[in-house]
Amino acid sequence: RLLESGGGLVQAGGSLRLSCRVSGINFKIAHMAWFRQAPGKERELVASRSSAGITNYEDSVKGRFTISADNARTTLFLQMNDMNPEDTGNYYCNTMSRSCGWGQGTQVSVSS
């Protein structure tokens, strides 16, 4: 099960920290990721983190977003800084292989 939280409305240049509480899988060995779906667009990969802590980011968020994890709390985070309106969308976490059922996501809106 995936439970995302932390979304909201921010102005351009602002920050948000998203959380995803994960249960039902072995979080410590999972390759986890954040995805987002903007209005009228397909869901896209934003950032990923391997079980070894190796991270990768979509080009438009490099240098602004940071993915991290707390294994003890089986929680995945996404720190988003210097946000812009193109970051608007519903944000979801899942494994890289999308093996879990999708959660509700958390809505992020960035105003200009």
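The values are calculated or read from the model by the stated rules, or taken from the named source; none is laboratory data. As the structure is a prediction and not an experimental result, all values here were calculated from the model. Methodologically, a virtual Cβ is constructed for each residue, glycine included, from the backbone with ideal geometry; neighbour enumeration extends over all protein chains shown. Surface accessibility is based on the protein's heavy atoms, side chains included, excluding ligands, DNA and RNA. Shrake-Rupley method; radii C 1.70, N 1.55, O 1.52, S 1.80 Å.
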Filter the stretch 55-93 down to residues that are touching a strand residue (DSSP E or B) at 6+ places or on another chain (Cβ under 6 Å) and free of Cβ contacts under 8 Å to residues at least 12 places away in the same chain and give me whichever is least open to solvent (accessible area, probe 1.4 Å). Tyr57
Which residues, counting only those in the stretch 26-36, are farther than 8 Å from Tyr91 by Cβ and touching a residue at least 60 places away in the same chain (Cβ under 8 Å)? Ala30, His31, Met32, Ala33
Please go through (1) modelled with pLDDT under 95; (2) open to solvent by less than 80 Å² (accessible area, probe 1.4 Å) for Ser112 and return the number of the only condition it doesn't satisfy. (2)
How about the stretch 94-109: which of its residues are loosely packed, with under 14 Cβ neighbours inside 10 Å and either of a type in the set (D, E, K, R) or under 12 Å from the mean Cα position of the chain (by Cα) (or both)? Arg98, Gln107
Note on Cys100: of the conditions (1) touching a Gly at 6+ places or on another chain (Cβ under 8 Å); (2) in a loop (DSSP other than H, G, I, E, B); (3) within 22 Å of Leu9 (Cα to Cα), unmet is (3)
